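Notes follow once the structure below has been shown.
The values are calculated or read from the model by the stated rules, or taken from the named source; none is laboratory data. All figures in this text were calculated on a predicted structure; none of them were measured in a lab. Backbone-built Cβ (ideal geometry, glycine too); neighbour counts: all protein chains shown.
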Amino acid sequence: MTHDDKSNLMWGGRFSAGPDAIMEEINASIPFDRKLYAEDIEGSRAHAQMLHDQGILSSDDHASIDAGLRDILTEIERGDFAFSRKLEDIHMNVEARLNDLIGPAAGRLHTARSRNDQVALDFRLWVRARCDAMITDIARLMQVFLDKAQAHADTVMPGFTHLQTAQPVTFGHHCLAYVEMLARDRSRFEDARERMNENPLGAAALAGTGFDIDRHATAAALGFREPTRNSLDTVSDRDFALEFLSACAICATHLSRLAEEIVIWSTPQFDFVRLSDKFSTGSSIMPQKKNPDAAELIRGKVGRISGSLVGLLTVMKGLPLSYSKDMQEDKEGVFDAAETLELCLAAMIGMIGDLHVNEQAMRAAAGSGYSTATDLADWLVREAGLPFRQAHHITGRVVALAEEQGCELADLDLADLQQIDESITEAVYDVLSVDASVASRTSYGGTSPANVREQIDYWRERL
Ligand code: ARG
């Protein structure tokens with residue numbers, strides 16, 4: 001090989017001088033793409049095997065390439081590998097080391113391949129594995145919620161709209177609302193995984209290759225459904241990463257909403273839940289405080305995850321086909337989003353699992369704020385045959401009376417109620433309690449304890 005010491009070993013043929021230090025710094029991706037070492041080596045081994053099976057690589061060369069690649073994997077895993085910024089990225093770091101270990105045969109590995117399909121492969125394998133991890137972690141959080149829902153199928157709490165008391169619900173139903181969100185989050189990762197599960201290897205630089213390669217063989221070896229169908233698209237597509245990020249961002253948004261509820265519920269004013277000591281912190285100055293820091297951090301970390309999505313969308317917009325170096329900016333945001341979401345899921349699993357629910361406080365709040373006013377209106381429709389609008393009006397007057405007397409609806413005298421509408425009877429008191437209210441909400445998807453138990457069975461069967 002004839003190249004100047006200072007020019008690049010891998011592509012330095014037409015260069016007479018090495019890069020400026022700043023060029024090296026802006027160009028290098030090894031500080032972050034070293035994370036892809038296992039995928040890079042797995043992909044290279046599959047490629048070498050295929051080249052050998054196709055008669056492009058001799059048995060001897062294949063054997064030494066494969067052994068060398070396995071040694072490199074061990075070196076990296078042991079922490080014995082010297083990554084070099086001069087060698088830009090993980091692909092060239094591995095190939096250069098292979099050259100050290102086995103000599104010029106190493107140069108045959110890159111036959112019918114380019115870093116463009118190589119990086120598309122490595123990154124896809126990495127993102128695919130993260131999809132699997134998310135699918136597992138989200139299912140674990142769903143399980144934790146199902147256990148809480150089971151324990152609290154009958155626990156009443158106020159349901160809110162506008163964060164104002166609306167109607168009583170069960171805490172089990174509230175937990176199952178998150179099970180629904182998480183199930184959709186999980187299916188987004190499943191869908192994204194299915195769509196991305198095509199083999200980019202063999203697209204080469206952008207146009208495919210004249211060598212008689214077998215892309216179906218490498219697809220099978222690497223667990224892909226099939227090879228990608230268009231080489232230009234293959235080396236320039238990053239929408240698998242965008243889909244992954246958007247699934248992360250939506251899931252993180254759900255976790256952030258939940259975290260906000262935990263923050264609100266754990267205030268002394270609400271006192272609906274108590275966080276375990278394991279998932280809260282104290283204040284260095286105010287001894288009475290127990291702060292929901294983990295929940296606050298989960299609420300806040302959605303910022304960087306959504307930021308990564310917007311970042312990559314912005315990198316990709318306007319890029320002409322096919323590969324451009326801009327695309328090297330695809331990785332850090334994805335790495336960070338994946339790590340961040342996995343941490344948030346783990347923290348949420350711990351926090352919800354350990355959460356103490358204050359049933360008394362929830363019950364007291366559920367019964368205040370005239371939360372069963374709709375039940376009274378519904379009773380007037382059902383029992384007195386009134387049109388709902390008229391029933392609504394009468395109920396409004398009843399609420400005003402309770403407000404005036406400073407009591408709850410169930411504490412009003414029958415005589416006073418009959419002054420407002422004579423069709424009201426003693427039987428109305430049956431629907432004014434919160435337990436009666438939630439028990440009556442049996443429409444499909446409603447909050448009744450019976451529904452909650454059915455929905456728990458539904459999800460237990462599916463998980
Ligand atoms: N480090 C590069 C990246 O992450 C690998 C692909 C380089 N391809 C090239 N034509 N320079 O995108």
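What to note about this one:
Residues checked against (1) surrounded by fewer than 17 Cβ atoms within 10 Å (Cβ to Cβ); (2) over 30 Å from residue 89 (Cβ atoms); (3) within 37 Å of the chain's Cα centre (by Cα):
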| position | (1), (2), (3) |
| --- | --- |
| 310 | yes, no, yes |
| 315 | no, no, yes |
| 341 | no, no, yes |
| 347 | no, yes, yes |
| 366 | no, yes, yes |
| 378 | no, yes, no |
| 384 | yes, yes, no |
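- Looking only at the range 326-339, and only at residues there that are over 14 Å from the mean Cα position of the chain (by Cα) and without any contact (Cβ under 8 Å) to a residue 24 or more places away in the chain, the one that is nearest to residue 249 (Cα to Cα): 329
- Scanning the range 299-325 for residues that are farther than 13 Å from residue 253 by Cβ and either touching a strand residue (DSSP E or B) at 6+ places or on another chain (Cβ under 7 Å) or of a type in the set (D, E, K, R) (or both) yields a total of 2.
- Residues that are in a strand (DSSP E or B) and surrounded by 15 or more Cβ atoms within 10 Å (Cβ to Cβ), drawn from the range 272-282: 273, 274
- Selection status of residue 38, aliphatic (A, V, I, L, M), in contact with a helix residue (DSSP H, G or I) (Cβ under 9 Å, 6 or more places away or on another chain), closer than 18 Å to residue 218 by Cβ and surrounded by fewer than 20 Cβ atoms within 10 Å (Cβ to Cβ): yes
- For the range 198-220, the candidate set comprises residues that are buried (at least 18 other Cβ atoms within 10 Å of the Cβ) and of a type in the set (S, T, N, Q); within that set, the residue that is nearest to residue 238 (Cα to Cα) is 199.
- Condition met for residue 104 (assigned to a strand (DSSP E or B) and either of a type outside the set (Val, Ile, Thr) or within 16 Å of the ligand (Cβ to nearest atom) (or both)): no
- Boolean, residue 69 is within 27 Å of residue 198 (Cα to Cα), touching a Ser or Thr at 6+ places or on another chain (Cβ under 8 Å) and modelled with pLDDT of 95 or more: yes
- Extreme residue, farthest from residue 310 (Cα to Cα), among residues of the range 216-227 that are in a helix (DSSP H, G or I) and in contact with a helix residue (DSSP H, G or I) (Cβ under 8 Å, 6 or more places away or on another chain): 217
To keep it simple, each residue is scored yes or no on (1) touching a His at 6+ places or on another chain (Cβ under 6 Å); (2) assigned to a helix (DSSP H, G or I); (3) at pLDDT 95 or above.
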| site | (1), (2), (3) |
| --- | --- |
| 336 | no, yes, yes |
| 339 | no, yes, yes |
| 342 | no, yes, yes |
| 350 | no, yes, yes |
| 362 | no, yes, yes |
| 366 | no, yes, no |
| 369 | no, no, no |
| 374 | no, yes, no |
| 378 | no, yes, no |
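For (1) assigned to a helix (DSSP H, G or I); (2) touching a Phe, Trp or Tyr at 6+ places or on another chain (Cβ under 6 Å), each residue gets a yes or a no:
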residue: 229; (1), (2): no, no
residue: 235; (1), (2): yes, yes
residue: 247; (1), (2): yes, yes
residue: 270; (1), (2): no, no
residue: 284; (1), (2): no, no
residue: 298; (1), (2): yes, no
residue: 311; (1), (2): yes, no
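- Among the residues of the range 136-147, none qualifies, meaning not one is of a type in the set (A, V, I, L, M, F, W, C), in contact (Cβ under 8 Å) with a residue 24 or more places away in the chain, touching a helix residue (DSSP H, G or I) at 6+ places or on another chain (Cβ under 9 Å) and within 16 Å of the ligand (Cβ to nearest atom).
- Selected residue (criterion: farthest from the ligand (Cβ to nearest atom)) from residues of the range 14-34 that are within 32 Å of the chain's Cα centre (by Cα) and either outside any helix (DSSP H, G or I) or among the small types (Gly, Ala, Ser) (or both): 28
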